[in-house]
1. Any idea how far apart SER59 and ASN80 come out in nm if each label point goes 7 Å out from Cα toward Cβ?
2. Given a 1.4 Å probe and the protein chains all in place, what does the accessible area of THR85 round to, in Å² to the nearest 10?
3. If you put +1 on each Lys and Arg Cβ and -1 on each Asp and Glu Cβ, how big is the dipole of the stretch 17-110 around its Cα centre, in Debye rounded to 20?
4. Where is the GNM fluctuation largest for the chain (alpha-carbon springs, 10 angstrom cutoff): GLU43, GLU54, GLU94?
5. Quick one: pull the percent of accessible area on the chain belonging to carbon and sulfur, 1.4 Å probe, ligands and nucleic acids left out.
6. Roughly how many Å² is the accessible area per residue of the chain, as a whole number, for a 1.4 Å probe?
7. Which residue fluctuates the most in the chain, going by a Gaussian network model with Cα springs under 10 Å, if the choices are ILE63, ILE93, ILE35?
8. Taking a ≥ b ≥ c as the square roots of the eigenvalues of the Cα gyration tensor of the stretch 46-88, is the shape rounded (a/c under 1.5), prolate (a/b larger than b/c) or oblate?
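The values are calculated or read from the model by the stated rules, or taken from the named source; none is laboratory data. Everything quoted here is computed from the prediction, not taken from an experiment. Glycine gets a Cβ as well: all are built from the backbone with ideal geometry, and neighbour counts include every protein chain shown. These accessible areas exclude ligands, DNA and RNA; they are computed on the full protein's heavy atoms, side chains included. Shrake-Rupley method; radii C 1.70, N 1.55, O 1.52, S 1.80 Å.
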Amino acid sequence: MGDVVMALVPLKQNVTVTKPGADDGWGGTTPGAVITYKARVSEETNVVTNQYGEEATTSLRIILDKLPDVSYDDVITYTNELGVTVARKPVSIEVKRGLNGKALSTEVFV
């Protein structure tokens, strides 16, 4: 019997993660990889602690399944149903783990 993969919360939206590009040696950069993930996005204001231990205000809370390849150097793009697009780098990335230590979900605040 095959494994059934199911997220803890329904992932009805999509976000695009754009990896930073590489230096081309001529003062420019080559485009980085673009990855699309299913997500649960809440447009809400949160005060979170960033990677430097400082408080920061965010406008999106993004829940991703398990442990996707997302880092603080990436740009995350989300477009809501009204066509409003937000493209920013993450302020906080929090991995939620189960009792067995496996990653269940990742919360990203932008």
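1. Those two pseudo-labels are separated by 0.9 nm.
2. Looks like 80 Å² after rounding.
3. Details: 10 positive and 13 negative charges, 84 e Å.
Dipole of the stretch 17-110, to the nearest 20 debye: 400 debye.
4. Among GLU43, GLU54, GLU94, the largest mean-square fluctuation in the Gaussian network model of the chain belongs to GLU54.
5. Values: 3840 of 7290 Å².
Ligands and nucleic acids excluded, carbon and sulfur reach 53 percent.
6. On the way: 7290 Å² over 110 residues.
So the chain comes to 66 Å² accessible per residue, rounded to a whole number.
7. ILE35
8. Numbers: a/c = 1.94, a/b = 1.32, b/c = 1.47.
The shape class here is oblate.
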